[in-house]
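Quick notes on the structure that follows.
The values are calculated or read from the model by the stated rules, or taken from the named source; none is laboratory data. Quick caveat: nothing in here was measured; it's all calculated off a predicted structure. Here the Cβ is made from the backbone with ideal geometry for all residues, glycine too, and neighbour counts use every protein chain on show.
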Ligand code: BG6
């Protein structure tokens, strides 16, 4: 059913101009969970509202609930009312709700998958008219295995011209370490080919993140200076002001290094550091990203103590309000050694980047939510201006603001007006809001659409995930081996002092954000 578009702006027109997906059923495991309610349901609704879901789409929820389709629809409506951010439009809702189906069952019961097969066959007959299915695992990793085997065992992973395609979306965390990631990959490959598997890293769906390659490679002026000859250091900050919220038990197992560094932060690094791919397609782009992960200079043994800082927030102020420390959060053990902050200095063993430090940091309960990547340029060979003044002029910085104030800023020195040689930093600014309209689309909208279209460029590949774990594993191993306790930092601060020392030692500074 064609529905009038929600909004008109060039960014959304961009999504709309893409190839439209074939008719398909989207099967969501974990329809009672947070991810489904906060992210998937609003994104699916928006895609539908913009006419981007395929005609005859269906969304089949699978969960351990004794619901019928009506109760499932009520739950989905509740999620939309709470998390859409805009009022739900009744005429849109009616059309959207018509595609919702429910399949009750335990994830480890073969009967569930037999029943799911029936629901899919019936739905296909009634409205989808194709055998295409997208399975979305929006569940905790502990139930990935029974679901994957359940689907495979019931022959629901089949894919071929005569019965349509099937694809499977796996959420992060993808494994707990290299060994478990390899096992998970092996399990998936028992039933699905690599090109049927979509490992989500939602940072890759963010508009600003996708723009990194466009910025680098669709413009003539940046790439020639994008290397060790001109760049002094690169900084990637992914700061959050929230604490662990209700996710204490998950976070206790993960910590910031598994939750953020292994995936989101290393993905950002890969896009900044990779070589230009031979084409913008899933094979070429991911080939180059994997090379970056493999070129990360390993941090092993005492290198970890020197180059990685582990922190944990204690009580403090968040936007002026007193907040609990990590160990007082629900589901967190007193005396927990889990880190909520990581800062590290890494090098890439490549011709382009040899000797250029990449400083990475991420943390919860930082002063604000901000994700920024900055490239700091070397000083000019001769300082002609501003002599006799304190310190050298500030270096040029190119900063990509991933969120929340999406844009790109170039900082350079300008002469202060008047009879003076003084140089003062000024900024050239590009803001998405100003140039393209109000809102960028949700990362999940773009990613779901790509799964339906069959484009896995923005998803992580088996070898990439394993290579990223290959870098992270020895760091975690060292922490466990020597019992490195995270350094406390006050909630609402930029992390422990050791994070400052990490850059200070190199006579550099974190960018003030
Ligand atoms: C998730 C992490 O992958 O990313 C969370 O598990 C984190 O801990 C979230 O809060 C951050 O995502 P965003 O899009 O809000 O920056």
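Here are a few things to note about the model shown:
- Considered as a group, the residues in region 349-380 that are within 16 Å of the ligand (Cβ to nearest atom) and assigned to a loop (DSSP other than H, G, I, E, B) include one that is farthest from residue 314 (Cα to Cα), and that residue is 369.
- Per-region count, region 408-443, residues assigned to a loop (DSSP other than H, G, I, E, B) and more than 30 Å from residue 42 (Cβ to Cβ): 7
Rundown of residues vs (1) in contact with a helix residue (DSSP H, G or I) (Cβ under 6 Å, 6 or more places away or on another chain); (2) under 18 Å from residue 372 (Cα atoms); (3) assigned to a strand (DSSP E or B), yes/no style:
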| residue | (1), (2), (3) |
| --- | --- |
| 242 | no, yes, no |
| 250 | no, no, no |
| 253 | no, no, no |
| 270 | yes, yes, no |
| 276 | yes, no, no |
| 285 | no, no, no |
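- Residue match in region 211-232 (condition: more than 16 Å from the ligand (Cβ to nearest atom), assigned to a helix (DSSP H, G or I) and over 25 Å from residue 354 (Cβ atoms)): yes
- Residue in region 471-480 that is surrounded by fewer than 16 Cβ atoms within 10 Å (Cβ to Cβ) and either more than 16 Å from the ligand (Cβ to nearest atom) or closer than 30 Å to residue 319 by Cβ (or both) present: yes
- Meets criteria (in contact (Cβ under 8 Å) with a residue 12 or more places away in the chain, within 16 Å of the ligand (Cβ to nearest atom) and in a loop (DSSP other than H, G, I, E, B)) for residue 175: yes
- Residue that is farther than 30 Å from residue 249 by Cβ, in contact with a helix residue (DSSP H, G or I) (Cβ under 8 Å, 6 or more places away or on another chain), at pLDDT below 95 and buried (at least 19 other Cβ atoms within 10 Å of the Cβ), where the choices are 432, 359: 432
- Unmet criterion (only one of (1) over 15 Å from the mean Cα position of the chain (by Cα); (2) within 24 Å of residue 512 (Cα to Cα); (3) within 16 Å of the ligand (Cβ to nearest atom)) for residue 252: (2)
- Some residue of region 148-165 being within 16 Å of the ligand (Cβ to nearest atom), in contact (Cβ under 8 Å) with a residue 24 or more places away in the chain and not in a loop (DSSP other than H, G, I, E, B): no
- Residue pairs meeting the criteria (Cβ under 8 Å; at least 6 apart or on separate chains; first over 22 Å from residue 400 (Cα atoms), in region 251-271; second assigned to a helix (DSSP H, G or I) and away from the ligand (no atom under 12 Å from the Cβ)): 257/472; 257/475; 257/476; 258/472; 258/476
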